[in-house]
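Asker: Take a look at this one; I'll ask things after.
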Amino acid sequence: MKYKLTVPTGSAAAAVVGTPYENLDPQQLEAVRAPLTPLLIVAGAGTGKTRTLMARCAHLILSGVAPERILLCTFTLKAAREMRSRIHALVGPIANQIWAGTFHHVGHRLLRLYGSHLGLIPDFSIIDSEDARDFLAMILGDLKVEPPITASKCQTLFSMAQGCQEPLSETARREVPEFVGRIEAVERVFSVYQERKAAQHVVDFDDMLVLWKRLLQEESDAAVLLRGLFDHVLVDEYQDTNPLQADIVELMVRDHRHVTVVGDDAQSIYSFRGARLDALNLFLERFPDADLAKLERNYRSTQPILDLANTSLAISTRIIKKTLVTQRTGGTLPILVRTADTAQEAQFVAQRLWDLHTESAIPLNEIAVLTRTNAQSLQIQLEFSRRGIPFRVQGGMRILEQAHFKDFIGFLRVLVNPADEMAVMRVFKLMPGLGAQTALQVSEVLRSPSNPWTLDDVHPMAQTLLWAKLTPARRKKVLELGQFFETVKTYRNNLPELLEGVLRKYTPVLRSKYEHAEDRLEELVSLVEVGAQYGTPDALLADLGLQSGPVAEVFKTMEEPEDLAVLSTVHQSKGLEWTAVFVPAMSEGSFPLLFTKNPDAIEEERRVFHVAVTRAKDELYLIQPLMSGASDRTRVFRRLSRFVAELPPRLYETWEIEVE
């Protein structure tokens, strides 16, 4: 039997398996068919913004824009995967040619293509947040910089300053005031950090955007090529962009101005990452000829929930006005529950959640408890545990971020880029008989221009002053490690052999260092099997650093939720929805937070409340503990949150607790 394979020819019309115009409401259709001038789509919660953006993308392809000349920027890889899948359903396999990914993912791809114009080597390494923090800690030690300047605070400051496109001193005054008197030392740390990353051919996540913009700003052939790569740029969740990302978008479309962005300033809740509330209005200033489309038809929540959300949001004066109207019928009023204290609050949430599950047949994974902070959920977690209610905490550590994966990846990073100091340090500290002290001495040699060496070239190493300082036993260990890398490097063009060689070397370390070692080993075996699909270790490391591609897909399935109730902060819940939602701690000092004083911060807290409310499809419970504190001595009366107190009582039903 022969099976005929049909290969797409590149014609969009021939590949269409659906139509982008079906099942769109009039507002969505207007946005999809808007002219190719700049377009801002203001999409309220639950109004089908993803469907609209995907239909817009498909419309562009059917209108003659080549899919490989479309750039779609998102804020999560999950969103990028979902969008590509939806476009595929509309136009067929040619959707795979679209450039779709997070800003960092796209920036990484472009730096691989054009980074040489900035002095980057093709095999540059990516360091994640933890490695960057360790890198900074090492620099602080070398420069003998002491607290209050710490690696963690420096990392936050540097990232915020670059994202906001402002001097370190200005960001420090706002975000890290204890640095103000020592700003020169902080600037020195930043300078050395940049120099060492360049010398070691490594980039952190911020560099992927900073260097992308730098490429676009250069008056060079590379900048012209880069700006000419795409005929249309689309951006999801534009309200979450920081000034650096907004600059990149503007520069990418400078020559043709074909750009579509979708966002909702009512869900702008990431100022702590550099996002600005006025991002949508600033877009209109950058592109004065932009069209404005609004999506206000909500397909998620019942009208009583939307009435509460609309009324709360109407009090704000700084957002683009919109009114959400449901496309559903019926619905019960949101419920305000007054409990005696936080302990009773936890008891109510646990009991009512279980009632909804057992009596109303709502799956546990369709019920969420959304808190303003992680700490607010601790008592509820304890109560769930006491009652045997299965739950998960949204936003736990991802599997690829766990220590044994980072150890394994460290070996690969050294093989690809021996000048990657943080990877060398990690590998040395893993090896029995070497440890942190030897790793520190080796790193000093690595940074010395007069004594360059690499782990797979042990003979120059033997001529350095460091060699004389090592004991015979440590010399033997260093030689063994160098010989291992020298051997494994011969498998560079045979990735399966290379990965298996690294796994054999690491397995004894894994078993001696970690609990549940066999489970961890099984996960690494899966990594080796998936990694073998890649052509080179460089490509595998790129996807591991960005948590994308086939390797991330496999481990994503290990993290898929079962039927568990969800506990999450409101920030972690953005973009998600549940049949029933509980919002505890609706008291002044808890929501909004106690130290929220200035008007801008209060307004952001209101938007956080809006996000929480609009996650609910059918049932919404707002819970106010009247007292807080663990004992009579510390108990404090808490007033109802202003976000509920300012609402007309007709918008919700009030429940009082009776204890049997």
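Asker: How far is it, in nm, from the label point at residue 273 to the one at residue 657 when both lie 7 Å from their Cα along the line to the Cβ?
Answerer: 3.4
Asker: For residue 526 and residue 579, what does the FRET efficiency come to when R0 = 35 Å and r is the distance between their Cβ atoms, rounded to the nearest 0.05? Write out the running numbers ahead of the final one.
Answerer: On the way: r = 34 Å, r/R0 = 0.96.
Calculated value: 0.55.
Asker: A 23 angstrom limit on the alpha carbon distance is what I want to check against. Which of 406/505; 144/476; 406/574; 213/406 exceed it?
Answerer: 144/476; 406/574; 213/406
Asker: For segment 148-272, what does the accessible surface come to per residue with a 1.4 Å probe? Please give it in Å².
Answerer: Counting only protein heavy atoms, the per-residue value for segment 148-272 is 37 Å².
Asker: How far is helix 129-142 tilted, in degrees, relative to the longest principal axis of the Cα atoms in the chain, given as a value from 0 to 90 rounded to the nearest 10?
Answerer: The angle comes out near 50 degrees.
Asker: Turning to a different aspect of this structure: Dipole magnitude of the chain about its Cα centre, charges +1 at Lys/Arg Cβ and -1 at Asp/Glu Cβ only, in debye to the nearest 20?
Answerer: Value, rounded to 20: 380 debye.
Asker: Right, something else. At 0.36 nm per residue, minus the direct Cα-Cα distance, what do residue 170 and residue 314 gain on full extension? Give it in nm, one decimal, please.
Answerer: Full extension from residue 170 to residue 314 adds 48.5 nm.
Asker: Let me ask you something else. Which residue, 365, 96, 147, has the largest displacement toward the positive end of the dipole of the chain when charges sit on each Cβ (Lys, Arg +1; Asp, Glu -1)?
Answerer: 147
Asker: Using Cα pairs closer than 8 Å and at least 6 residues apart in sequence, work out the relative contact order for the chain, in percent.
Answerer: 17
Asker: Let me ask you something else. With label points built 7 Å along Cα→Cβ from the Cα atoms of residue 116 and residue 375, find their separation and express it in nm.
Answerer: Simple spin-label model gives 5.3 nm for this pair.
Asker: Continuing with this model, one more query. Express in nm, to one decimal, how much length is gained between residue 562 and residue 519 on full extension, taking 0.36 nm for each residue of separation and deducting their alpha carbon distance.
Answerer: Numbers: separation 43, 0.36 × 43 = 15.48 nm, distance 1.93 nm.
Result: 13.6 nm gained on full extension.
Asker: Given a 1.4 Å probe and every protein chain left where it sits, what share in percent of the accessible area of the chain is carbon and sulfur?
Answerer: Carbon and sulfur together cover 52 percent of it.
Asker: Taking the Cα centre as origin and putting +1 on Lys and Arg beta-carbons and -1 on Asp and Glu beta-carbons, what dipole magnitude results for segment 195-322, to the nearest 20 debye?
Answerer: The dipole of segment 195-322 has a size of about 380 debye.
Asker: Of 183, 198, 220, which is farthest along the charge dipole of segment 181-223 in the positive direction, counting Lys and Arg as +1 and Asp and Glu as -1 at C-beta?
Answerer: 183
Asker: Give the residues of segment 103-125 whose amide nitrogen is closer than 16 Å to a point set 7 Å from the Cα of residue 195 in the direction of its Cβ.
Answerer: In segment 103-125, the label zone of residue 195 (backbone N under 16 Å from the point 7 Å along Cα→Cβ) covers no residue.
Asker: Taking the structure as given and computing Kirkwood radius over Cα pairs in Å, which label from (i) 27.6; (ii) 26.0; (iii) 30.4 fits?
Answerer: Among (i) 27.6; (ii) 26.0; (iii) 30.4, the one derived from this structure is (i).
Asker: Work out the charge dipole of the chain with +1 on the Cβ of Lys and Arg and -1 on the Cβ of Asp and Glu about the Cα centre, then indicate which of 158, 567, 325 is farthest towards its positive end.
Answerer: 158
Asker: Could you compute the FRET efficiency for residue 393 and residue 598, with r as their C-beta to C-beta distance and R0 at 30 Å, rounded to 0.05?
Answerer: Computed FRET efficiency for residue 393 and residue 598 comes out at 0.45.
Asker: Let me ask something else about it. Out of all DSSP beta bridges with both ends in the chain, state the antiparallel percent to the nearest 5.
Answerer: Antiparallel bridges make up about 10 percent of those DSSP assigns within the chain.
Asker: Which order do 655, 99, 354, 578 take by accessible area at a 1.4 Å probe, largest first? Please list the in-between numbers first.
Answerer: Numbers: 655 70, 99 35, 354 95, 578 10 Å².
Largest to smallest exposure gives the sequence 354, 655, 99, 578.
Asker: Let me ask something additional. Once you have a ≥ b ≥ c as the square roots of the Cα gyration tensor eigenvalues for segment 570-627, tell me rounded if a/c is under 1.5, and otherwise prolate or oblate according to whether a/b is larger than b/c.
Answerer: oblate
Asker: Kindly list the residues of segment 211-231 that lie in the label zone of residue 36, defined by a backbone N under 13 Å from the point 7 Å along the Cα-to-C-beta vector.
Answerer: Of the residues in segment 211-231, 230-231 have backbone N under 13 Å from the label point off residue 36.
The values are calculated or read from the model by the stated rules, or taken from the named source; none is laboratory data. Since the structure is predicted, the reported quantities are computational estimates derived from the model, not experimental observations. Positions of Cβ are generated from backbone atoms using ideal geometry, with glycine treated the same way; all protein chains shown enter the neighbour counts. Just so you know, the surface numbers come from the protein's heavy atoms only, side chains and all, with ligands and any DNA or RNA stripped out. Shrake-Rupley method; radii C 1.70, N 1.55, O 1.52, S 1.80 Å.
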